[in-house]
Amino acid sequence: TAERLLALAPPRNEVRVLHEGVDHERFHPPTDADRAAELAALATHGSVPPYLAFAGTAEPRKNLPALVRAFGTIAHRHPGLRLVLAGGAGWGDGPVREAIATSGAAPRVLRPGYLPAPLVPALFRHAAAAVYPSFEEGFGLPALEALACGAPLVTSTGSAIEEVVGDAAILVAPHDHLAIAAAIERALQPDTAATLRTRGPERAAGFTWEACVEAHVATYRTAARAAAKVT
């Protein structure tokens, strides 16, 4: 976003990028104490492992038709695997429905709608992998929340997500559903999944709302000092 701003409407003053944070009390790896209750709650929404998890409003920039086509490509090699698309149907949902209908795996693509807030971390915690192949993101908080929960993550190159997730996720070009399919299969491999489940929470630990607040306060103070000099 900062690069776009500088290119299209460069301001006269400094541009600072302030990262968002993760609520680590909610988004964290699974614990044995909560596992049974979370799995039972997810099951009431049809989300029974093993599944791939996406959470967010279905709109064109989320690239869900490509995700569905990618799942259809690999579904026959993973007979028990489902694709869970959690979240509401936003504008431009027709191509998503069409992709599901023609995927060859429509009964295994689940759209539970908006999940209760406590179930979103649970959805990520118990996923075989989280997949977030957006074309564009200003930050990509759901991807970071998936990392915090220890989900192996497949996400896209070319937007802010790439900066946020670092080497804790598998990055893939979002326009190529076959590349997305290959990345998902890589994330499902036990050794790769184990590595990503470790890297994700380590990466997410560096993003806190406390640090976000501190960065905003520091920026406001800098702006106030500059304004005082002008006046």
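The values are calculated or read from the model by the stated rules, or taken from the named source; none is laboratory data. What you see is a predicted model; the values in this text were computed from it and never measured. Note: ideal-geometry Cβ built from the backbone for every residue, glycine included; neighbour counts use all protein chains shown. What goes into the accessible areas is simple: the full protein's heavy atoms, side chains included, and nothing from ligands, DNA or RNA. Shrake-Rupley method; radii C 1.70, N 1.55, O 1.52, S 1.80 Å.
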Requested in this report: Only Lys, Arg, Asp and Glu count, each charged at its Cβ (+1, +1, -1, -1), so figure out the dipole size of the chain about its Cα centre, rounded to 20 debye.
Outcome: 280
Query raised in the report: So which GluC sites (Glu not before Pro) in the range 1-42 are both in a DSSP loop and have at most 14 other Cβ atoms within 10 Å of their Cβ?
Result: 14, 25
Query raised in the report: What area, in nm² and to one decimal, does the C-alpha convex hull of the chain cast on average over all directions?
Result: 14.0
Requested in this report: Using a 1.4 Å probe and counting only protein heavy atoms, arrange 59, 202 so the residue with the most accessible area comes first.
Outcome: 202, 59
Query raised in the report: So, in nm, how far is label residue 211 from label residue 189 when the simple model puts each one 7 Å beyond its Cα toward the Cβ?
Result: 3.0
Requested in this report: Would you rank 62, 229 by solvent-accessible area, highest first, keeping every protein chain in place and using a 1.4 Å probe?
Outcome: 229, 62
Report task. Provide 32, 93 ordered by accessible surface of protein heavy atoms (probe 1.4 Å), highest first. Result -> 32, 93
Query raised in the report: Just the accessible area per residue of the chain, please: how many Å² with a 1.4 Å probe?
Result: 50
Report summary line: Heads up, the range 29-109 by the C-alpha gyration tensor (a ≥ b ≥ c square roots of eigenvalues; a/c under 1.5 rounded, else a/b over b/c prolate, else oblate) looks oblate
Query raised in the report: Considering only protein heavy atoms, what is the solvent-accessible area of residue 139 at a probe of 1.4 Å, reported in Å² to the nearest 10?
Result: 20
Report summary line: Dipole check, the range 185-231, charges on Cβ (K,R +1; D,E -1), about Cα centroid: among 215, 196, 230 the Cα furthest to the positive pole belongs to 230
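For the chain, give the percent of accessible area contributed by carbon and sulfur heavy atoms, probe 1.4 Å, rounded to a whole number.
Ligands and nucleic acids excluded, carbon and sulfur reach 58 percent.
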Query - Unit charges at the beta carbon, dipole of the range 50-103: most positive-side option, 53, 99, 81 - result: 81
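Looking at the square roots a ≥ b ≥ c of the eigenvalues of the Cα gyration tensor of the range 164-231, which shape do they give, rounded for a/c under 1.5, prolate if a/b is larger than b/c, or oblate?
Oblate shape, in that a/c is at least 1.5 and b/c is the bigger or equal ratio.
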Query raised in the report: Assuming R0 = 45 Å, what is the FRET efficiency of residue 3 and residue 40, from their Cβ-Cβ distance, to the nearest 0.05?
Result: 0.50
Query raised in the report: Which whole-number percentage describes the relative contact order of the range 85-231, with Cα contacts under 8 Å and a sequence gap of 6 or more?
Result: 19
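Could you size up the charge dipole of the range 149-231 around its Cα centre, putting +1 on the beta carbon of Lys and Arg and -1 on that of Asp and Glu, and report it in debye to the nearest 20?
Its charge dipole is roughly 420 debye.
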Query raised in the report: At each listed q (0.17, 0.23 Å⁻¹), what is the log10 of I(q)/I(0) that the Debye formula gives for the range 102-205 modelled as equal alpha-carbon point scatterers?
Result: -0.78, -1.32
